[in-house]
Amino acid sequence: MRTAFDEGDDAGAGLSGAGRDPGRRGRIIDACLDVIAERGVAGTSHRRIAAVAGVPLGSMTYHFSGIDELLREAFARFADSVVARFEQRMRAAATYEEAAAAVVSIITEDLLDSQRNLVLTQELYTIAARDPSARVLTNRWMARSRAALEIHFDPDTARMLDALIEGLSLHRALDIEAQDPALVALAVRRILGT
């Protein structure tokens, strides 16, 4: 909804400003993730996001009903991008052995491959721990991860692997010493009984 506050910032933009800048909404969502990665959710504000996105402050309330909606959409975009890489790895595996190797690669190469992704993941988990409505995102993420694993593994094994992936990824990200990838492969083999 457009407010009087928005009109001064987007003067001449037509009904929505989308005609002049069709990518604005997406840029705002991306900027929101950048701000969260740098300052955490607690340090995220409309003003900071607008500055990073290079948009007028009024665009924030035009495109989003409030900061909660923006955070939800930003975290949904982040989770979707992470799980899409996960799904791609699992679909590319042609054999059981390749699927096991893909799980190891997901842990050692893909998930939390950057400090940015670590921070975004932990910020999402923190919100979900306090806000049941945010758990919709984390539950969807886990369900998609398990469904990708179930391409090759039974549901119980997929659930155990998913928990292992989350736990070992977090340990790898937070440990001050590099973790031996052989330990990851051993953990996967133990769960798979191979």
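A few comments on the model shown:
- Extension gain from Arg20 to Ser65, taking 0.36 nm per residue of separation minus the Cα-Cα distance: 14.1 nm
- The per residue volume of the convex hull around the alpha-carbon atoms of the chain is 128 Å³.
- Expected 222 nm ellipticity per residue - DSSP helices of 4 or more, -39500 (n - 2.57), all of the chain, to 500: -22500 deg cm²/dmol
- Taking a sphere under 10 Å around the Cβ of Ala158 and counting the other residues whose Cβ falls inside, with K and R at +1 and D and E at -1, yields a net charge of -2.
- Qualifying GluC sites (Glu not before Pro) for segment 93-182 [loop in DSSP, other Cβ within 10 Å: at most 13]: Glu177
- Spatially, segment 177-191 and segment 50-75 are offset by 41 Å when compared through their Cα centroids.
- Stretchable slack from Ala51 to Thr126, in nm (0.36 nm times residue separation minus alpha-carbon distance): 24.5 nm
Laboratory data are not the source of any read-out in this text; all were calculated from the coordinates shown. On a predicted model such as this, the values are computed, not experimentally measured, just so you know. Because the Cβ atoms are built from the backbone with ideal geometry, glycine has one as well, and the counts that use them run over all protein chains shown.
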